[in-house]
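Enquirer: Structure provided below as structure tokens; questions to follow.
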Ligand SMILES: [Zn+2]
């Protein structure tokens, strides 16, 4: 089932998500729905808070933008390593119509559980590293806009307020 994607300003997106304690049928259904919602959008990643569920869980598939990695599901992910530095344009399904250059480490290793509750550890570089970090931010209540500074951020936030007042957000 495709679930509605919350947009910047919705409180669930701005709060820290909770650890998934146990793999229940509800969590399994959530994972299936998130995968379907991500592909339908279409997007390269989706975190549970984006569909209104404050749990530490995300799905990623950067192959939609031509990197042959395929679908990855992470429950309770944690960073193991972060290094390097890269600047790339980034967008978000919860911030439709906006893109900005975000500085992030170029390589990460994250560990967590997969959809069968098995431990997994995966290294990501380039696009995959960026997707992992973007989704990890969602689990901590941060959006890419929160990583911007100065004029660029002010401009985007002012535009959100204007759109919200006009009932267009
Ligand atoms: Zn996002």
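The values are calculated or read from the model by the stated rules, or taken from the named source; none is laboratory data. Note that the structure is a prediction, hence the values are computed from the model and not measured. Neighbour counts are summed over all protein chains in view; Cβ atoms, including those assigned to glycine, are modelled from backbone coordinates with ideal geometry.
Enquirer: Would a scan of the range 77-100 turn up a residue that is surrounded by fewer than 16 Cβ atoms within 10 Å (Cβ to Cβ), more than 13 Å from the chain's Cα centre (by Cα), at pLDDT 95 or above and at positive phi?
Expert: yes
Enquirer: Are any residues in the range 158-169 assigned to a helix (DSSP H, G or I) and exposed (fewer than 15 other Cβ atoms within 10 Å of the Cβ), and if so, which ones?
Expert: Restricting attention to the range 158-169, the residues satisfying the condition of being assigned to a helix (DSSP H, G or I) are 158-165.
158, 159, 161, 162, 164, 165, listed by residue number.
Enquirer: Hey, among the residues in the range 138-153 that are assigned to a helix (DSSP H, G or I) and modelled with pLDDT under 90, which one's nearest to the chain's Cα centre (by Cα)?
Expert: It comes out as 153.
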